[in-house]
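One structure is given below, represented as C-alpha cells, and several questions about it will come after.
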Amino acid sequence: MTGAPGGSGIRFDRVSVAYGRHHEHLVLDALDLTVEPGEVMALLGPSGSGKTTALRAVAGFVRPVSGRVLIGGRDVTDLPPHRRGIGMVVQQYALFPHMKVAENVAFGLKAQKTPRAEIAGRVAEALEMTGMASYADRHPRELSGGQQQRVAIARALAIRPGVLLLDEPLSALDARLRSGMLTELARLHRELPDVSVLYVTHDQVEALTLADRIAVMDRARLRDCGTPQQLYRRPRTAFTASFVGTANLLPVTVRGGGVRFAGRPLTVPAAGVADGADATLCLRPHLVGLGESPAADGNTLHGTLTEVQWRGATHRLHADVDGHRVLAELRELRDPPRPGDAIALHFAPDDAVLIPAGLTADGGAHDA
C-alpha cells in the first residue's frame, strides 16, 4: 500500500484560526510548521492548546482566518475535506453501527467513487494490514474497543492517503490496549514509509514512542519543536521540560560560571547565560541519586523526605529542599527512607540543563 501520489507532507504557513463575530477568540496563532513526507509529527499539549484545531485545519473542518495549509506542496486551504487526500482516525472511532466491518472500511472508497472492482481488494488489504481480516463480517458492537480502533485505522488507510491524521486515537482504550496499539501503529508506519502522520495527543508516552518530532503547543501557539530526544534531554523552555516528561524545575542564579540554588552553590554548566542572571535548572528525576554525591564535582541537595511512592520497579521520593519539591525516581529500594527523614540527593553536573530566564515557568517539580 502506498500513499496518494504527491500527497505527502504538510505545511502550516502561519495558520491562524479564530472564532467569534469579529474573530476575537484566537484558538490557533500563526502556526508555522512543516511535517516532512513520511514523518510522524506529534502535536503535544494540554487541553485548549490549539493542537486539535491545527489537525482540523489540515482536515478541512475549520477554515483559517489567515495563512495557508499545504499538503504535498498543494494549497488545500479552500478545498473541502474529501478532496484533500487524507485519512483520519478520531478518539471515538466513529464507525457506523449498522454496517459490518468490511462495509465500514469500504465507506471512504465508495465516497471517492473508487471502481467497484477495486474496492474488495483494497478493503482486504487494509484489514490484513491492521490484523482485522478475520473480522470482516462482524458488526462494531461485536468488537472490543481495540478492535474497533483497528477498523477505524483500516478505513483511513483503505483510501491510500498521503497524510494520516490521528486525533487522540488511543485515549478511549485501557492501558494494556493502548500499549498494544502503540506497537501496532509503530509497525504500520514502518510499512507505510511514504505516509505523513500528524498525531494529536496529550499523552507524552505516545508522543515519545511514535513521533519522529514533537511540536509542543500551549495557549494557541507553537512553543517548541524537536526530536523526542532533544526535547527530553535538552529542553529549551520550562514548559517543554514540564510537559515532555517529569522534571524538577528549580530557580537558580548564575554566579561565576556556576549557579546558586537557595543560596548554595551548585556545579552546573552555565554557558550562554550571563553572570548574575536568573535561570531555571531542569533535572530529570531518574538522574537524581540517593545519598551524598560520590563524585568530587557532583552536587548534593539536603532536605526532608515528604512522601514515598512505590511504583513496582521504582520508588519515587518527594523531598522538600529549602521550600522546593524535588523528585527522585529510584530503582526499587529494599529499605526505603520514611517521610520525615532527613535526606541527601545527588546529581552530576552534566545531567542538569539550565534554561535562561524569560523561557521559564514556576519553580518546583512538575509531574508527568
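Would you call Glu128 over 24 Å from Thr183 (Cβ atoms), of a type in the set (Asp, Glu) and either assigned to a helix (DSSP H, G or I) or in contact with a Phe, Trp or Tyr (Cβ under 8 Å, 6 or more places away or on another chain) (or both)?
No: the conditions fail for Glu128.
Output the number of residues of region 203-219 satisfying the condition of being in a loop (DSSP other than H, G, I, E, B) and within 18 Å of Pro169 (Cβ to Cβ).
So the count comes out to 3.
Under the condition of being in contact (Cβ under 8 Å) with a residue 40 or more places away in the chain and polar (S, T, N, Q), which residue from region 184-231 is surrounded by the fewest Cβ atoms within 10 Å (Cβ to Cβ)?
Gln204
Turning to a different aspect of this structure: Taking Ala262, is it among the hydrophobic types (A, V, I, L, M, F, W, C), assigned by TED's automatic domain parsing to the domain that holds Phe347 and either surrounded by 15 or more Cβ atoms within 10 Å (Cβ to Cβ) or over 11 Å from Pro349 (Cβ atoms) (or both)?
Yes: the conditions hold for Ala262.
To keep it simple, each residue is scored yes or no on (1) in contact (Cβ under 8 Å) with a residue 60 or more places away in the chain; (2) surrounded by fewer than 17 Cβ atoms within 10 Å (Cβ to Cβ); (3) under 26 Å from Glu184 (Cα atoms); (4) of a type in the set (Val, Ile, Thr).
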site	(1), (2), (3), (4)
Leu43	yes, no, yes, no
Thr52	yes, no, yes, yes
Arg63	no, yes, no, no
Met88	yes, no, yes, no
Gln91	yes, no, yes, no
Lys113	no, yes, no, no
Met132	no, no, yes, no
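Separate question: Mind telling me which of the residues Asp335, Asp351 ends up being in the same structural domain as Pro265 (by TED's automatic domain parsing) and exposed (fewer than 14 other Cβ atoms within 10 Å of the Cβ)?
Asp335
Tally the residues that are closer than 14 Å to Leu301 by Cβ, at pLDDT 90 or above and outside any loop (DSSP other than H, G, I, E, B), restricting the search to region 325-368.
Matching residues across region 325-368 total 13.
So that you can scan it fast, the table gives a plain yes or no per residue for (1) at pLDDT 95 or above; (2) closer than 21 Å to Arg223 by Cβ; (3) assigned by TED's automatic domain parsing to the domain that holds Leu177; (4) touching a helix residue (DSSP H, G or I) at 6+ places or on another chain (Cβ under 9 Å):
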{"site": "Ala4", "(1), (2), (3), (4)": "no, no, no, no"}
{"site": "His22", "(1), (2), (3), (4)": "no, no, yes, no"}
{"site": "His25", "(1), (2), (3), (4)": "no, yes, yes, no"}
{"site": "Lys51", "(1), (2), (3), (4)": "yes, yes, yes, no"}
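Please work out which one of (1) part of a loop (DSSP other than H, G, I, E, B); (2) under 18 Å from the mean Cα position of the chain (by Cα); (3) surrounded by 14 or more Cβ atoms within 10 Å (Cβ to Cβ) is the condition Arg56 fails and give its number.
It fails just one condition, (1).
The values are calculated or read from the model by the stated rules, or taken from the named source; none is laboratory data. In this text the structure is predicted, and so the values were computed from the model without any measurement. Cβ coordinates were reconstructed from backbone atoms using ideal geometry, including for glycine residues, and neighbour counts include every protein chain displayed.
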